[in-house]
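Read the structure below first, then the notes.
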Amino acid sequence: MRYLAPCSLIAALTLPAAAQQIYDIYSTTWDRSKLFTYTNLGSSPINFVTPGPAASADIVINDGTVYQPVYGFGGSLTDSSALLLNNLKNANSGQYNALLQKLFSPTDGQPNAGLSYLRVPLGASDFSASVYSLDDQNGDTSLAAFNINKAPSYLFSVINDIRAINPYLKVHVLPWSPPGWMKDSGTMNGGNFLSQYTTQFANYLLKAVQGFQSHGIPVYALSIQNEPQNSNPTYPTCKISASQEAQIGLALRPLLNNNGFSSTKIIGFDHNWDGAGTYAIQLMQQASSAFAGVAFHCYGGQKEDQDTFHNAYSSKEIYFTECTGELGSDWWSDIKWALDNIYIGSIQHNSRTGLEWNIALDGNGQPELPGSNSCGSPPCRGIVTISGTSYTLNQEFYSMAQASKAILPRDVNGPFGSRIDSSVQGSLGWALRVNAFVTGRVNPSDWLRYSIVVLNWDDSASTTWNPQSVKATIEFRGMQATYTFPVGVTTLWWYAPATSGLQGAHKTGSSFASEQDIPVHGSTQVPLSSSEPSFNPANATASAYPAQTTEKSEPLFRFRRSY
């Protein structure tokens, strides 16, 4: 549901803005000369000035229209990822801590991604050492044998290490399969859910949430089944129909509410884009009251399919929760695809998250569950490759880091950024893919932070290789800035005074303030960015964020894994 500003606010936004300057820039270029490189412009900021002629690429920002808040970017902490990270911790704690900082620290002015959304399997997945559920006792309808500690202990310790670095971390749990005895196959690998176990499975999921809580890990969201249209006999999977998932959700919601987990969201579907108009909608038709929204993967369909669901259920949330790269693919082509389809594209089509598959794998895409064919050849690639006592950041890191930096909270306990209206005009408008965001403030007198994420994909790859930087104008509140975007991804931000309407949205909890109820544990401080005014503009007398673009034709490039 988007927030539309009143006419008086829209009029106010046309007034010139005082002292708006761009100081902070993060860049990743096609030739890797810059890799999520932070630049502070210091004494030479980019000023917003009285508009002149628009450039051939003209980015128009309209903060009078605020769309969805973005809850964070990240990936899945599978058993395999947790094992590799834990091994690194034991072998070289300094490298482990440095990697966690690089991935998860949300601090301003540092080249750390601030990844804030973690997806965690309940029981085994295709990236586990063996097949197991949290209750493997056949016919245990009372769940007396349920044991959260069937999961490896290092899974919980790594999560808590991450939470110590990023207090905003949201943990989203889900099973790859119910226990085998709840299925017609009698095993975790493949098969169909048996409806007679609806109540038991709902209680199983409640116990999982309670189990995470016992390890000091609050569960932000819960999906009932990963890829419910997938039955693969080589690794944990399960087919659950929309009507079955609806009934499980209706049983689970009151269980969560009555046991102190009313704030834990239930997310439906969690499968490919091409199910947006069928399974996802059928689920809402049958059990809308139980589900906060639905989640999508990239392995079938396209990002625009999210609109089918959004148009039918605009009050429900959309999450993008899985895609994976493959070893041996082209670095720059991967970044273009990921930004176009996930970190800009999916967000433009109302997603509130953008996630990859494994947080970490080794250089061979291992360790994968023995016998699983889910990734095939070439193997899947993690966000990070861990080899012995060292690690390598992959293209997945750089793609999502650029987007993550644009939406992180400005203040301790402050809101995440919300997408605002943007477009790219002019004869070179096709060369830039853009998302814009506004981040609210805890103190209503503080200036709001505005950011843009810009993909320049003008490399002429469809003809001959010829990367071209694009000089663009940025139009904002009747003022204009100019910046030349290299071929690559650029994130930049600036500050501007809050209008009464936008600050009101912040204070009343709508739009970009909707996640303020997430507590921050500990004393993490976010240092002042150099670009923020050090004065209260209200008292000062002296100096003191869907884009509709014409997309470039690109060769079809798609991350694939067996689903």
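Sequentially through segment 272-282, phi angles give Karplus couplings (6.51, -1.76, 1.60; θ = phi - 60°) of 6, 3, 6, x, 4, x, 10, 3, 4, 6, 4 Hz, Gly and Pro residues having no value and appearing as x. Counting only DSSP beta bridges whose two residues both lie in the chain, roughly 60 percent are antiparallel. Which label marks the calculated value of semi-axes √(5λ) of the Cα gyration tensor in Å, given the options (i) 40, 29, 21; (ii) 39, 25, 23; (iii) 47, 25, 18? Only one option fits the structure, namely (ii). Between residue 32 and residue 366, the simple label model (points 7 Å from Cα in the Cβ direction) yields a spacing of 2.4 nm. Each Lys and Arg Cβ is given +1 and each Asp and Glu Cβ -1; about its Cα centre, the chain then shows a dipole of about 680 debye. Karplus-derived 3J(HN,Hα) values for segment 324-333, using 6.51 cos²θ - 1.76 cosθ + 1.60 with θ = phi - 60°, are 9, x, 10, 4, x, 7, 7, 4, 6, 4 Hz; glycine and proline are entered as x. Extension gain, residue 412-residue 392: 0.36 nm per intervening residue step, less the Cα-Cα distance, totals 4.2 nm.
Largest first, the residues 374, 157 sort by 1.4 Å accessible area into 157, 374. Positive-end ranking of 123, 56, 40 along the dipole of segment 17-151, with charges on Cβ about the Cα centre, is headed by 40. Beta bridges from DSSP with both residues in segment 133-272: antiparallel share about 25 percent, rounded to the nearest 5.
For the listed peptides 201-208, 138-145, a ranking on the average number of other beta carbons within 10 Å per residue, highest first, reads 201-208, 138-145. Using a 1.4 Å probe over the heavy atoms of the protein chains, calculate the carbon and sulfur portion of the accessible area of segment 71-407 as a whole percent. Answer for segment 71-407: carbon and sulfur cover 43 percent of the accessible area.
Entry note, segment 338-451: relative contact order of 21 percent, from Cα contacts under 8 Å with a spacing of 6+ residues. Using the average count of surrounding beta-carbon atoms within 10 Å as a protection proxy, the listed peptides 294-300, 480-486 rank, highest first, as 294-300, 480-486.
Taking chymotrypsin sites (Phe, Trp or Tyr not before Pro) across segment 333-377, none is in a DSSP loop with at most 14 further Cβ atoms lying within 10 angstrom of its Cβ. From helices alone, the chain scores -6500 deg cm²/dmol at 222 nm; the rule is -39500 (n - 2.57) for each run of n ≥ 4 DSSP H residues, then divide by the residue total. Projecting the Cα atoms of 341, 73, 278 onto the charge dipole of the chain (Cβ charges, centred on the Cα centre) puts 73 farthest toward the positive pole. Extending 7 Å from Cα along the Cβ direction at residue 194 and again at residue 49 yields two label points whose distance is 7.5 nm. Straight-line cross-link reach from residue 471 at under 22 Å between alpha-carbon atoms covers these lysines, not counting any fewer than eight positions away in the same chain: 34, 336, 552.
Basic side chains Lys and Arg get +1 at the Cβ, acidic Asp and Glu get -1 at the Cβ, and with that the dipole of segment 115-198 about its Cα centre reaches some 300 debye.
Ligands, DNA and RNA excluded, the heavy atoms of residue 396 present near 10 Å² of accessible surface to a 1.4 Å solvent probe. Relative contact order of segment 81-202: what whole-number percent is it, with Cα pairs under 8 angstrom and at least 6 residues apart? Computed value for segment 81-202: 25 percent relative contact order. Rounded to the nearest 5, the antiparallel percentage of DSSP beta bridges internal to segment 71-407 is 20%.
Among the listed pairs 170/405; 89/150; 239/265; 170/265, those with a Cα-Cα distance over 18 Å are 89/150; 239/265.
For segment 123-265, a crude dipole built from +1 on the beta carbon of Lys and Arg and -1 on the beta carbon of Asp and Glu, taken about the Cα centre, is about 340 debye to the nearest 20.
With the charge dipole of segment 280-396 set up from +1 on Lys and Arg Cβ and -1 on Asp and Glu Cβ about the Cα centre, the Cα lying farthest toward the positive end among the listed residues 296, 374, 312 is that of 312.
Phi angles across segment 421-434 convert, under the Karplus curve 6.51 cos²θ - 1.76 cosθ + 1.60 with θ = phi - 60°, into 3J(HN,Hα) values of 5, 8, 8, 10, 10, x, 5, 9, x, 5, 6, 10, 10, 9 Hz, Gly and Pro given as x. In this structure, residue 41 and residue 312 have a Cβ-Cβ separation that, at R0 = 41 Å, corresponds to a calculated FRET efficiency of about 0.35. Summed over the residues of the chain and divided among them, the accessible surface reaches 33 Å² per residue at a probe radius of 1.4 Å. Please compute the contact order of segment 71-407 in relative form: average sequence separation of alpha-carbon pairs under 8 Å and at least six residues apart, divided by the residue count, as a percent. That works out to 20 percent.
The values are calculated or read from the model by the stated rules, or taken from the named source; none is laboratory data. Just so it is clear, the structure is predicted and the values come from calculations on it, not from any experiment. Neighbour counts run over all protein chains shown; Cβ positions are idealised from the backbone, glycine included. Note: areas computed on protein heavy atoms with side chains; ligands, DNA, RNA excluded. Shrake-Rupley method; radii C 1.70, N 1.55, O 1.52, S 1.80 Å.
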